[in-house]
Amino acid sequence: MQLPLFYKIIKSHLINGDLEPGKEITISINQTLTQDSTGTMVYLQLEALNPPSIKTDLSVAYIDHNMLQSGFENADDHAFIKSVANKRGIVFSKPGGGICHQVHLERFTKPGTTLIGSDSHTPTAGGVGAIAIGAGGLDVAVAMAKGYYHLILPEVYEVKLIGKLPFGVNAKDVILHVLEKLSVKGGVGYAMEYTGPGIASLSVTDRATICNMGAELGATTSIFPSDDITKEFLIAQGRPNDYVKMEADENAVYSKTIEVDLSEIKPLVAKPHMPDEVCSVEEVSGIKVDQVAIGSCTNSSYSDMMKVARILEGNHVAPNVDLVISPGSANILRLLAESGALAKMISAGARILESACGPCIGMGQSPKTDAVSLRTFNRNFKGRSGTMSAQVYLVSPETAAYSAIKGTISDPSNLDINLDITLPDNYGSTDNYFIYPDTKGDKSVVMGPNIKPFPLGSKPENDIKGKVLLKTEDNITTDDIVPSHSKLLPFRSNVPHLSKFAFSTIVDDFHERATQNNGGFIVGGENYGQGSSREHAALVPLHLGIRAVIAKSFARIHRNNLINSGIIPLLWSNTEDYSHVNEMDELILYDIPEALKDRDEIICYNTTRDEKYILKLSISSRERDILQAGGYLLYVQSSEVI
Ligand code: MIC
Ligand code: SF4
C-alpha cells in the first residue's frame, strides 16, 4: 500500500505491532524534550527508574514555563532539573534560552525522526517532517530510560493545501480555519498530514504554527513533508547535515481528506473561551481591546516577530492597550536586537518580555477584570490567563499588532505596508544558553524543600465503591482539572498542595468533596481531559482517592495519564446512562481485577437510584497489566516486557 509520510516514519521506528489503526504499537524514540512545569515529575520518575544510561539520541530539559521567581519554589525546581540533567546526560536549556518547542525546532529536530515531549505542543516539530508527540511525563521518563513509546496508531487525516495565503493572513489563520471546520474534537484518533502544492508557499515556522495547534484539534500529531524549504531552514540554522527529504508515497491512501484553499482564508479569531469558536476578524472588528500579547510556542518565530515590528514601526500602541511581546527564543531576540526591529517595538511602546511561555500560561500579565485580551497563543480556556472574567481572543501576530495600534480588534488585510519578510541565510545561534552534561562533574541531585514525592497508585481492590464527586459537561480541560497560573505552577512538584485547587474553575469544594468521602468517581462528558499533557491532572485525582473516571470519551494524553497513574478510564456503553447519574450518587464497580484481566465491560451499580449500567473498558493488554500493577511506574519497574 502507498503510505502517508506519518506511516512511513512509524514503520521505520516500529518495535512492536502492525500498521493497523486503532491498535497499540511500540515505536523507538530518537529524542525527548521536557519543560520545567512537567519536568520535575519526569525527572523524579526517571530517578525512580534509575536506568544505567539514557537510550535516546538526544534529550533536552528546557526551562521556559516557571520563570517567575517570586519565591524559592521555581528556582528549586530548576536546580533539581539541572542536576538530574547533568547526572543523566541530558542537555539543559537555561531560563531565557526560549520556549521549548521553538528552540527545539531551531536547534535539534531532524526530519524523519521521532520525538516525544512532556508538553502537548510537542507536535510543533512536525513542521520539519518529524513525528513529534505530546505525552505524559512518565511516558517521557520511560522513553529516556528504555528508548520506546507506546501509542494507539492513529488514522491519517490529509489536509490538502492549495493556493497561497493572501496579504495579512498568517499560518495561524490556516489552523484556526481547520479548527472551525473540524472542532476541538475533530482530530481525535488522527495524525494530521499536510500535503498539496500550497505547502511550497509556507515557511518551516509557518508549518510549525499549523502543527502546533493540531494539539487543539485533539490530534495525536501533525506533520508536513521535509522539502527544499526545510533544507534552506536547516542550512540557515547551521544544521545542513540534518536534512533529509521526507514525503508521502505518491498516491498515498488517507482515511480522510479535506482541501483548504489558502487563497480564500481571511484573518480569523477564536472567540472566548475555546480555540474552535472561530469567526472572521471582520465580524468582531471594532471591539475595544485592553491587552495584546504576542508570542508563545504558536507565533513567536523570527518572521512573526519581524512582521510585528513592521506593523509597529512609526506607530504607537493605543492608550487603552497594554502590548506585551515575548520572542520565542533567545536567538530570535538577539536577531531582533541586531536588526533594529526590537527598537521599533520599544519605540511603539511595547513591553518586551523574556523568551518564555509567560502570559500564555498565566505566568504574569493577567489582564484586568473583564478585559478583552488578544493573544497570538493557542488556548483561550476560561481563566487560563489568570483572570476568570477576561475575554481572550486567539489571533495572528498581524491581527494582534494592528489591533494594538488601533485600540480595537482590526483586520490586518486593511494595512498598506510590505509584510514580506526575507528570512536570514544564517540565523546564527545563542547556544550559550545550553549546558551540556559534564561527564566528569558533580553527579549529585539537588532537591529543595518544594520537591515532594509523587503519589503512586496501588493494585485495584475487588470492588470500587464511592460517590460521584463531580459530573462535568463536554470538553473539560486539564486546565479545569488542575488549573495552572503563577500561583499554582510553582507547586507542580507538590501534588498535595495542588490538589486543594482541583476543578476550582468549576466548583470551589472539590477537594472537600473528595476528602470527606474518601475519594470517589468523576463522571465526564465527551473529550474529557482535553488540552495539556500535565500528568498532574491524573496525579491530583489519584492523591484525592479517585480510582476510576467514567466519561463519554477521553482526550488521548489524559487517558494515558490516567492509566499510567493507575486510574481506570471507563466509557459509557449507553451514553444515555450519563444523564441518569447525578452528583453524590453512590456507585459500585464490581470484580475489577477479573475485569482487568480480559473483559471489555465492567458492571456498575448505582445504589442511590437502584440502576445498573454497563461500562466499557477499552484498553490494550499492556494497559490491562499496567492497571493491574497499580500504574505504569510499578509495572515498568517490575517488568522487562516492552
Ligand atoms: C499548556 O500549554 O497548557 C502547557 C502548560 O504547556 C501544558 C504543560 C503543563 O501543564 O505543564 C501542555 O500543553 O502540555
Ligand atoms: Fe508554553 Fe503556552 Fe506553548 Fe504551553 S502553549 S508550551 S504554556 S507557550
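The values are calculated or read from the model by the stated rules, or taken from the named source; none is laboratory data. Remember, predicted model here, so these are calculated numbers, not experimental data. FYI the Cβ positions are ideal-geometry reconstructions off the backbone, even for glycines, and counts take in every protein chain you see.
Of a type in the set (A, V, I, L, M, F, W, C) and in a helix (DSSP H, G or I): does that describe Val42? Here the answer is yes, as Val42 does meet what is asked. Restrict the check to the stretch 360-373 and report whether at least one residue is in contact with a helix residue (DSSP H, G or I) (Cβ under 6 Å, 6 or more places away or on another chain), away from ligand 2 (no atom under 13 Å from the Cβ) and under 27 Å from Ile210 (Cα atoms). So far as the stretch 360-373 goes, no, none of its residues is in contact with a helix residue (DSSP H, G or I) (Cβ under 6 Å, 6 or more places away or on another chain), away from ligand 2 (no atom under 13 Å from the Cβ) and under 27 Å from Ile210 (Cα atoms). Just one of the listed residues (Asn560, Asn527) is buried (at least 24 other Cβ atoms within 10 Å of the Cβ), within 18 Å of the chain's Cα centre (by Cα) and not hydrophobic (A, V, I, L, M, F, W, C), and it is Asn560. Filtering the stretch 361-393 to residues that are in contact with a His (Cβ under 8 Å, 6 or more places away or on another chain) and of a type in the set (A, V, I, L, M, F, W, C) leaves Ile361, Met363, Phe381, Val392.
Go through the residues of the stretch 248-265 one by one and say whether even a single one is under 30 Å from Ala337 (Cα atoms) and away from ligand 2 (no atom under 16 Å from the Cβ). Working first, answer last.
In the first step, residues of the stretch 248-265 are kept if they are under 30 Å from Ala337 (Cα atoms); the result is none.
No, there is no match, as no residue in the stretch 248-265 is under 30 Å from Ala337 (Cα atoms) and away from ligand 2 (no atom under 16 Å from the Cβ).
Pick from the stretch 382-410 the residues that are part of a helix (DSSP H, G or I) and surrounded by 21 or more Cβ atoms within 10 Å (Cβ to Cβ): which of them is farthest from ligand 2 (Cβ to nearest atom)? Here the residue is Tyr402.
The requirement of being in contact (Cβ under 8 Å) with a residue 60 or more places away in the chain, more than 30 Å from Ser389 (Cα to Cα) and either out of contact with any strand residue (DSSP E or B) (no Cβ under 6 Å at 6 or more places or on another chain) or buried (at least 20 other Cβ atoms within 10 Å of the Cβ) (or both) is fulfilled somewhere in the stretch 289-304, by at least one residue.
I'm trying to understand the selection: among the residues of the stretch 563-588, which are small (Gly, Ala, Ser) and surrounded by fewer than 24 Cβ atoms within 10 Å (Cβ to Cβ)?
First, the residues of the stretch 563-588 that are small (Gly, Ala, Ser): 565-566, 573, 579.
Those that are small (Gly, Ala, Ser) and surrounded by fewer than 24 Cβ atoms within 10 Å (Cβ to Cβ): Ser573, Ser579.
Could you please find all residues in the stretch 183-210 being under 20 Å from Gly134 (Cα atoms) and outside any loop (DSSP other than H, G, I, E, B)? Tyr190, Ala191, Met192, Glu193, Tyr194, Val204, Thr205, Asp206, Arg207, Ala208, Thr209, Ile210, listed by residue number. Restricting attention to the stretch 568-599, the residues that are free of Cβ contacts under 8 Å to residues at least 60 places away in the same chain, part of a strand (DSSP E or B) and under 26 Å from Asp509 (Cβ atoms) total 3.
Evaluated against (1) within 29 Å of Gln69 (Cα to Cα); (2) within 16 Å of ligand 1 (Cβ to nearest atom); (3) at pLDDT 95 or above, Asn494 falls short on exactly one condition, (3). Of the residues in the stretch 542-554, at least one is closer than 11 Å to Thr477 by Cα and within 16 Å of ligand 1 (Cβ to nearest atom). Is it true that Arg379 is touching a residue at least 40 places away in the same chain (Cβ under 8 Å) and outside any loop (DSSP other than H, G, I, E, B)? No.
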